[in-house]
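A short write-up of the structure that comes next.
The values are calculated or read from the model by the stated rules, or taken from the named source; none is laboratory data. Just so you know, these numbers come straight off a predicted model, no measurement behind them. All Cβ positions, even for glycine, are placed from backbone atoms using ideal geometry, and neighbour counts span all protein chains on display. Areas reflect the complete protein model, heavy atoms only, side chains present, ligands, DNA and RNA absent. Shrake-Rupley method; radii C 1.70, N 1.55, O 1.52, S 1.80 Å.
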Amino acid sequence: MKTVRLLALLSLLLATPVSARGAQGAYATDGDCDGRPMTTVRMTPGYCLGLVWQGAGAEGPRMPRGLLALSNGDWLVTDLGNWYPGNGAIWRLSFDPDSAPRWRRLAQGLNMPHTAARGPDGRIYVSEMNRILTMDPDAADPAATVRTVIGDLPDNRLHANRHPLSSFVFDANGDLLVNVGAPSDRCVDARGRARANASGACIDSAATAQVRRHAYLGNGRWAEDSTVFASGLRNSIALVRHPSGTILQGENSVDLTTPDHPYDEINVLRQGGHYGWPYCVDLATPLPGWSAGQARCSQRDRPVALLPPHAAPLDLLYYDGAMFPELRGRLLMSWHGYRRAGGRIVAGETDGEGRPLTDIGGRYAIYPRGALPYPAGAPSLRGKVLTPGWDTVAGRQPRGAPVALAVAADGSIWVTDDRNRAILRIARSDKTP
């Protein structure tokens with residue numbers, strides 16, 4: 001029995017993403033970044049990355065993920081805790097007059113909480129792995145105000161499956177669009193053969209790998225039953241709605257061992273669209289294990305832009321702040337991946353409907369240095385990397401693992417870093433670009 005338990009524990013450790021293994025290093029600071037200690041991360045000219053907080057003890061979140069601005073400069077922070085149920089929490093971050101952070105835990109014992117957002121009624125909503133909840137952070141006892149809004153979402157366990165977290169975005173009419181991740185990497189068996197039903201469809205995709213629509217009933221209530229908005233989506237943690245109505249999704253593509261394939265994606269979601277999982281990647285490439293006839297890639301919705309392989313986009317945000325006029329309307333995204341293209345925050349150019357502007361071909365940067373080409377003829381994101389030097393520097397900084405992005409009242413951009421247990425702030429540098 002001890003041997004079985006040891007093997008099970010070893011398999012969990014091997015399957016656990018790097019971000020779940022604890023902090024990888026401390027951020028050194030040198031100078032001032034608009035009132036915060038300035039990290040040594042090399043930024044695009046005119047920008048700096050300040051350190052708001054980095055945890056080292058019991059106070060504060062263990063794995064900060066979601067981020068939402070509250071009143072009076074406070075912040076709501078969701079804490080994954082670790083990759084096991086019941087260890088998550090929701091915290092309130094406040095500051096003393098000298099800017100020293102103060103933490104208050106509002107709720108605990110949660111199931112991998114992630115996204116935090118305000119709803120059409122002004123209330124605050126948070127996603128756990130298997131439900132959407134609401135709470136009042138200003139109440140005397142916030143934990144007592146926790147109420148389930150949508151329950152019984154799939155209880156995807158990470159180590160049995162691959163995508164346990166829930167995320168959501170509100171549509172223009174108040175409907176909740178909720179992601180349900182794929183329960184396997186690419187729906188193949190141990191021999192690499194397609195796990196298909198009699199009609200040739202992936203047997204894992206019947207009620208997963210999709211974004212669901214829950215109709216808004218008014219007054220903080222949504223229908224428990226849902227309809228499928230879009231499918232063929234392996235992991236839709238990154239969702240955003242543009243004021244024009246455009247819905248974008250950042251796709252974390254499958255985990256092939258090759259560092260340069262497959263490419264991650266930005267998709268424009270439409271009602272009834274199918275975006276390829278697990279049959280197709282890139283523009284029209286059948287995944288190993290699926291024949292061209294099974295994949296039918298020409299019948300899938302193609303991505304509007306390719307992202308670097310394993311970039312792992314975890315958040316999308318349209319910037320609307322005052323601090324960086326040059327970024328207004330741009331699509332900010334966090335690339336959380338621990339491989340050579342990850343650890344970046346990118347600002348992509350968009351059109352009037354929030355759709356990414358693209359170039360054909362192009363190149364993407366990799367750590368520690370260099371750049372690689374996108375496939376010939378493929379649409380690549382047009383924009384700039386705000387954090388070109390967020391790689392590991394011994395004794396000075398860890399590789400960044402950005403998760404959530406949020407714009408503060410002053411227009412600065414706040415970022416959670418779950419792997420390094422930190423909250424950071426992008427501000428205007430006092431150095432002339």
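So the values come out like this:
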quantity: Answer residue from region 198-226, given it is open to solvent by less than 30 Å² (accessible area, probe 1.4 Å) and part of a strand (DSSP E or B) and is farthest from HIS274 (Cα to Cα) among those; calculated: GLY218
quantity: Residue pairs meeting the criteria (Cβ under 6 Å; at least 6 apart or on separate chains; first under 10 Å from GLY200 (Cα atoms), in region 288-299; second open to solvent by less than 70 Å² (accessible area, probe 1.4 Å) and in a loop (DSSP other than H, G, I, E, B)); calculated: TRP290/TYR279; GLN294/GLY200; ALA295/TYR279
quantity: Extreme residue, nearest to ARG123 (Cα to Cα), among residues of region 171-193 that are of a type in the set (A, V, I, L, M, F, W, C), modelled with pLDDT of 95 or more and crowded, with 18+ Cβ neighbours inside 10 Å; calculated: LEU176
quantity: Breaking point among (1) of a type in the set (Val, Ile, Thr); (2) within 19 Å of ASP282 (Cβ to Cβ); (3) touching a Phe, Trp or Tyr at 6+ places or on another chain (Cβ under 7 Å), for THR358; calculated: (3)
quantity: Filter pass, VAL254 being over 17 Å from LEU306 (Cβ atoms), out of contact with any helix residue (DSSP H, G or I) (no Cβ under 9 Å at 6 or more places or on another chain) and open to solvent by less than 30 Å² (accessible area, probe 1.4 Å); calculated: no
quantity: Total residues in region 130-154, condition outside any strand (DSSP E or B) and touching a His at 6+ places or on another chain (Cβ under 8 Å); calculated: 0
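Residues checked against (1) open to solvent by 30 Å² or more (accessible area, probe 1.4 Å); (2) out of contact with any Cys (no Cβ under 6 Å at 6 or more places or on another chain); (3) hydroxyl-bearing (Ser, Thr, Tyr); (4) under 24 Å from VAL346 (Cα atoms):
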{"residue": "ILE266", "(1), (2), (3), (4)": "no, yes, no, yes"}
{"residue": "GLY272", "(1), (2), (3), (4)": "yes, yes, no, no"}
{"residue": "PRO278", "(1), (2), (3), (4)": "no, no, no, no"}
{"residue": "ALA284", "(1), (2), (3), (4)": "yes, no, no, no"}
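Let's see how each residue does on (1) open to solvent by 10 Å² or more (accessible area, probe 1.4 Å); (2) of a type in the set (Val, Ile, Thr); (3) under 15 Å from ALA406 (Cα atoms):
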| residue | (1), (2), (3) |
| --- | --- |
| ALA58 | yes, no, no |
| PRO61 | no, no, no |
| LEU68 | yes, no, yes |
| SER71 | yes, no, yes |
| THR78 | no, yes, yes |
| PRO101 | yes, no, no |
